[in-house]
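Quick notes on the structure that follows.
Derivation of every value follows stated rules applied to the coordinates shown; laboratory data play no part. Everything numeric in this text was worked out from a predicted model, so none of it was measured. Neighbour counts run over all protein chains shown; Cβ positions are idealised from the backbone, glycine included.
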Amino acid sequence: MFSRRSMLQGTASGFGYLAFAALAHEAAAKEPGAAKDPLAPKASHFPAKARRVLFLCMEGGPSHVDTFDHKPKLTVDDGKLFNRGRLSGAKLLASQWAFKKRGNSGLWVSDLFPEVAKHADDLCVLNGMATDLPSHPQAFLQMHCGVFQAPRPSLGAWVLYGLGTENANLPGFVTLSPPANNGGPANHGSSFLPAIYQGTKIGAGGLGRFGDTTQVSNLKNPRRGAEAQRVQLDFVQSLNRDLLAADGANPGVEGAIEAYELAFRMQAEVPKVMDLSQETKATQEMYGVGGEGTDRFGKQCLLARRFLEAGVRFVEVTAGGWDQHRNLKTDLERNCTGIDKPIAGLLADLKRRGLLKDTLVVWGGEFGRTPTAQGGDGRDHNNKGYSIWMAGGGVKGGFTHGKTDDYGFEAVEGRTHVHDWHATVLHLLGLNHEKLTFRHNGRDMRLTDVKGEVATGVIA
Amino acid sequence: MSLRFAAGLLVSVLAAPASAMEFNDKPTTEQAAFFEKKIRPALVEHCYKCHSADADKLKGGLALDTREGVREGGDGGAVVLPGSPDKSPLIKAVRYLDATTKMPPKGKLPDAVVADFERWVAMGAPDPRTEAGGRKAVEKPAPIDIEKGRSHWSFQPPKAKSAPAVKDAAWATSEVDRFVLAALETKGLKPVGDADARTLIRRAYLDLTGLPPTADEVESFAADRAPDAFEKVVDRLLASPRFGERWGRHWLDVARFAETTGKTTNFNYPHAWRYRDYVIAAFNADKPFDQFVKEQLAGDLLPGGDPTTKAERTVATGFLAVGPKALNARNGLQCLMDLLDEQSDLTTQAFLGLTVACARCHDHKFDPIPTRDYYALAGVFKSTETCYGTVRFVQSQRPSALVTLPQGSAQASITTKLTDAERAAAEKNIAELQVKLREGDIIARLLTSAQLALARSKLDLYEKDGTPKLLAMGAREGFRPANSPVYARGEVDKPGEVVPRGVVRVVGTNQPVIRSGSGRKELAEWIASKDNPLTARVMVNRVWLHVFGRGLVATPDNFGVGGAPPTHPELLDRLAVSFADGGWSVKTLVRTLVLSHAYRLSSKHDAANVEADPDNTLLWRATPRRVEAEVLRDSILAVSGQLDAKPPVGSPVAAAGEGPSNRPRLGPAGGVRPDAETPFRSIYLPVVRDNLPESLALFDGADPSLIVADRPTTNVPSQGLFLLNNPFVLKASDAVADTLLKETTTDSERVRAAYLKFYGRPPVEKELIVADAFLAEYRKVAAKGGPPAAGPPRGPFGGRGPGGFGRPFGGGQTPVRGEREVWSAFAQALFASAEFQYRR
């Protein structure tokens, strides 16, 4: 495996490079830090607790009151009328799953997650989450990009832009089976950040089921070896640089040049990383690979770990189908079963490899669900209060931050808006959310817009 | 606003004229005493157990222990219509005459008590209670003020102001230019210079036909010094059948066209291709846009026309039928409401640029669109029968009819006549399956029933005499018109007030009255009217977006309060008015824009302008942009000489017939054949939801489950991998290599020919040197052959190769097979280069 440095030197000796270097320099002068290798690892603003992120994204809005936010009063008042805000007149619906105190910490986790519950002492549950709107596309975009009103770079793109990546032969931001809806590619897009920071999608998602993660296609040229292809690609790149020089700045072409280099290196690296047969039977079993209902997500979690281990900065895995307006009982149970063992296996595996301490694992959806019933066996969207959890990466384990009211409707203590959560994630990565900026449209843009407060309480 | 409150409000608005009475808010002493003596005790004794704060469960969402509760009613809407005891559900319930609701459930009240309730309602239900009860007073946002909402810019009629004066009058060669230049001058910006002839003609070809010009076409334009040379090219392109394939695709993005249901089970729509062809033909014929709107919404209801016209208009209504559907939905009403939602969402976004579907569950958060308007519109589609076909099958419980077009209506057929022998064989097969249906376990029987459904659907493609039926997807009038209730929070088990069929009230003041029928015709006419402030603006903006790369309104599907305001409001209005007044001609509009000076600008970067307007919203240059997935694929086919420009009849999905899309006979990828095997233009590739051909999916082709107005452009390594390794690109590169080797003899001739083919321009001196260096280097590595090298590749080629450009080929130094590989690699590099992929 050739190193990124030797690769760049190799390219540097090619013709057309001077023109490119001049342009890169120009770009660098405009945007300090965006050196000629935009993906090279960069120093954080201050010492980091976490070095990489794994975001387990639960598209659809999983119910918090049935999983991580224990509400005894909701059980007591089952069927009673609720009189708050837009839910006025709806009836409270008790959780159908028992909650138990888990681990040494006594963290509340319901019976939907018996395996994850065994890692309770590693979980930092944020029970006071909030987002602006109870509507999927907006909330899903806000969770990823901070705002939904205008196109903005996604969290993963910001992290990659802020820290670069450790493995120059892999994309720095990988997203497994993201959904096509709810903003689609914008959720792993780079928007006004240079295109190289956008997420590389592997497999496609889908509503109402776990996404499918297939191999990356076109990874191998059927007739041309690496050396011949390198010669060919150098020619392509020289054409691209000439075009760039003729046109002046063109972010699309700059992005294409970078994407090609990455594509070339991925050909050697990705098949290795994605080869799950390298894992022992026992490890695969730990993740639920081959198990009924757990196979897909188990494979994705295992794949995610392999990517993280290989030096990818930000990995996101999407599991859709959490929109339980109906069939809460059967569908929520099925979903939780599908991810419970894989996540537990993932946490255990990260731990034994010494990766959990500096890998921030996040589990959560775009919002939570109402304490009130919808059609008897469902819950509506709830943006005013919901739960996510984080583990590893410098957060307190066995810890609960924030709380909702007696019914789980609204955050009343330690309220953590998505902006605050973003600020916290960046903070754990050693990045100051107010300093991680990119100039666009005459403004120093931030992930957290003009908001965001680090939830210092969660930091170990 | 709470929905229940909304429902209550509606009652007071709607029912008041009928009952001519409001709730009695100022009871006299006698009336108050009557309530306290007769009504309150009866409520407490007979009703509070289930309808008060003390109830274990508040039944039907109805609280009778407060005045507000009585007035707001329950989940089903109002219970008391003041002054109208006979119409009030509460009275009907206590009279025990209502079929479903008899209250109290334990037994009928004494007649005297019932009479008291009747009297009470007749006097306007005076209710002196002030205490909070079952439903405490809730925060009630002010109801939507539709009149006030009309002040939003896009709900105002467009005004055709004349173009402002500009300083550089010579630059502005058209009215459009004066608007554009005035905005630039206001900001102190100056447009960059013009694009050269070769760039311009390539741009026009890509924009108007989606295909690059041939080398000859570029050369003859570059040599044409006539002042109207460009105009002639543009008119020729507008008249080309390729125009409809290019611009029809833009519309198919919006119309979320696909040939399968998508969602949970993804069943085929074997007849969807007719709608695709209709759209292409409509753009080619420059069908007036207002007519295009009317045909898609209500083509079946338009008067007159010969059988050909009638068939065409019926096919047009496929617009309403080709959307995503969950065929395994258990709840029929839910399934219906989802269909109506999909149709309402499409209709309002596509034509009006409004996101009305937000109002399914609650009043629109940003726009003055109450749930009532949503359900008024939904009622129109509820009164319509949507014909989408599909078969009853495992996991498909909701097939529908199809529309049969008249024979002799000039519609294509994908099959030939069924012979008697074939029919006999098919019938025998069906008979055997019917017998087999009773055999085996449940799984086996399910499989047999599926086979039977498919076999029957095959036979259903023919008339009795074996003539192929002309089947289409579409819409027709429902059995009887039916208004829709407002469903509280969008929940189908919470029907409220039934609202008359209608349109979005905030849009325009000329609201149609729907007296009979579904109202689709009225809806279509209301949308396709000059008086509708949105229709022309929204379409003009779509056309502008595809010509200039960015809409005047940057949110082409949202002209509401949450959308972006126009960058050039007066220009948008001017164009909208001209569009509607001038006969809704899309081609005229495209022509106007393409012949503007603004269109001819170069894509040159300008540091000062970038600083002031980084997104080029004011159009100081042509923003370079990557061509869309279809254009890239079609260009690769065209340049390599492989394109079969003749439109195919039907579609692989049609050939596969009814049933789930993912079946072995459709190929491993569910109807999507490898790109390398299909030489047709990309618009004719099968559109299987969640399974687009790779060449489209990787390059941001529109997701057919979504209404797509403006595609995103992503830039990811997987695109590079496709261009470097996919057999489709390799095959095209080989084809180019063969042509170059056959038609030219020297390296420099070949490089020159390739540049003209790919880029529409000859190479400059430096490029010849670079190409030559590549050829030399590549010949060296290719000569080595052998397996792919492991480890780091050696540094790329430095100086000039040994051959030098202009070195004649064919002296036998290199085997031809090797040369083919060299030129194939060269051609592929040009395919992979940004210049080939960019419209500049």
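Considering only the other residues whose Cβ falls under 15 Å of the Cβ of B:Val166, what net charge follows from Lys and Arg at +1 and Asp and Glu at -1?
Around B:Val166, the surrounding residues sum to +1.
Straight distance only, please: which lysines reach the Cα of A:Lys435 with their own Cα at less than 22 Å, same-chain residues fewer than 8 apart left out?
A:Lys30, A:Lys36, A:Lys42, A:Lys49, A:Lys451
How charged is the neighbourhood of A:Ala94? Take every other residue with its Cβ under 9 Å from the Cβ of A:Ala94, and add Lys/Arg as +1 and Asp/Glu as -1.
It works out to a net charge of -1.
Each label point is 7 Å from the Cα along the Cα-to-Cβ direction; what then is the distance between the points at B:Ala783 and B:Ile414, in nm?
5.3
How would you classify segment A:62-108 from its alpha-carbon gyration tensor, with a ≥ b ≥ c the square roots of the eigenvalues: rounded for a/c under 1.5, else prolate if a/b is greater than b/c, otherwise oblate?
Prolate.
Quick check: convex hull of the Cα atoms in segment A:319-460, volume per residue, rounded to a whole Å³? Could you put the intermediate results ahead of the total?
Working: hull volume 19.6 nm³, N = 142.
Dividing the Cα hull volume of segment A:319-460 by its residue count gives 138 Å³.
Which residue, B:Leu418, B:Gln434, B:Ser718, has the largest displacement toward the positive end of the dipole of the protein assembly as shown when charges sit on each Cβ (Lys, Arg +1; Asp, Glu -1)?
Farthest along the dipole direction, towards plus: B:Gln434.
B:Asp573: net charge of surrounding residues, Cβ under 11 Å, Lys/Arg +1, Asp/Glu -1, itself excluded?
Details: positive: B:Lys159, B:Lys161, B:Arg537, B:Arg574; negative: B:Glu570.
It works out to a net charge of +3.
Can you list residues from other chains, or at least 5 along the same chain, whose modelled amide H is less than 5 Å from the amide H of A:Val109?
Amide H neighbours of A:Val109: A:Lys100, A:Arg102.
Taking every pair of alpha-carbon atoms in the protein assembly as shown, give the share separated by more than 51 Å as a whole percent.
Tail of the P(r) past 51 Å holds 32 percent of the pairs.
Mind giving me the FRET efficiency for A:Val412 and B:Ala421? R0 is 60 Å, r the Cβ-Cβ distance, nearest 0.05 is fine.
Details: r = 78 Å, r/R0 = 1.29.
After rounding, the FRET efficiency stands at 0.20.
Where does segment B:95-227 land on the Kirkwood hydrodynamic radius, alpha-carbon pairs, in angstrom?
24.3
Mind checking the alpha-carbon convex hull of segment A:63-154 and giving the volume per residue in Å³? Can you show the working numbers first?
Details: hull volume 11.3 nm³, N = 92.
Spread over its residues, the Cα hull of segment A:63-154 gives 123 Å³ apiece.
Among B:Phe319, B:Gly502, B:Ala488, flag the residue with its Cα farthest along the positive direction of the charge dipole of chain B, charges on Cβ as +1 for Lys/Arg and -1 for Asp/Glu.
My answer, from the dipole projection, is B:Ala488.
Amide H to amide H under 5 Å from B:Ala564: which residues, 5+ apart in sequence or cross-chain, H placed 1.01 Å off N in plane?
B:Ala554, B:Thr555
Mind listing the Cα extents of segment B:431-472 along all three principal axes, in Å, largest one first?
The Cα atoms of segment B:431-472 stretch 38, 20, 7 Å along the principal axes, largest first.
Rounded to the nearest 20 Debye, what is the dipole magnitude of chain B about its Cα centre when Lys and Arg each give +1 and Asp and Glu each give -1 at the C-beta?
880
So what's segment B:418-493 giving for Rg/Rh, alpha carbon basis, Kirkwood Rh from the mean inverse pair distance? Could you put the intermediate results ahead of the total?
On the way: Rg = 19.6 Å, Rh = 16.0 Å.
Here the Rg-to-Rh quotient is 1.22.
Percent relative contact order of chain A, based on C-alpha pairs within less than 8 angstrom and at least six residues apart?
In percent, rounded to a whole number, it is 27.
In terms of Cα to Cα distance under 16 Å, which lysines are near enough to B:Lys263, apart from those fewer than 8 places away along the same chain?
Result set, ordered by chain and number: B:Lys325.
Report the Rg/Rh value for chain B, based on alpha-carbon coordinates and the Kirkwood definition of Rh.
1.06
Projecting each Cα onto the charge dipole of chain B (Lys/Arg +1, Asp/Glu -1 at the beta carbon, about the Cα centre), which of B:Pro89, B:Val44, B:Gly379 comes out farthest on the positive side?
Of the candidates, B:Val44 comes out farthest on the positive side.
Can you sort B:Lys646, B:Lys59, B:Lys757 from fewest to most other Cβ atoms within 10 Å of each residue's own Cβ? Before the final figure, lay out the partial values.
Numbers: B:Lys646 11, B:Lys59 16, B:Lys757 22.
Arranged by neighbour count, lowest to highest, B:Lys646, B:Lys59, B:Lys757 become B:Lys646, B:Lys59, B:Lys757.
If one computes P(r) from the Cα atoms of segment B:233-365, what percent of pairs lie at distances over 26 Å?
Tail of P(r) above 26 Å: 30 percent of Cα pairs.
Which lysines have a Cα less than 21 Å from the Cα of B:Lys784, not counting those fewer than 8 places away in the same chain?
A:Lys220
What's the magnitude of the charge dipole for segment B:141-239 around its Cα centre, counting Lys and Arg as +1 and Asp and Glu as -1 at the beta-carbon? Answer in Debye, nearest 20.
For segment B:141-239, the charge dipole is close to 500 debye.
Sorting B:Asp738, B:Asp300 on the 10 Å Cβ count, fewest up front, what's the list?
Going from least to most buried by this count: B:Asp738, B:Asp300.
Can you work out D for chain A in µm² s⁻¹ from Stokes-Einstein, where Rh is the Kirkwood radius over C-alpha pairs, the temperature is 20 °C and the viscosity is 1.002 mPa s?
Answer from the Stokes-Einstein relation: 94 µm²/s.
Ratio of Rg to Rh for segment B:288-358, alpha carbon only, Kirkwood?
When Rh is taken as the Kirkwood radius, the ratio is 1.05.
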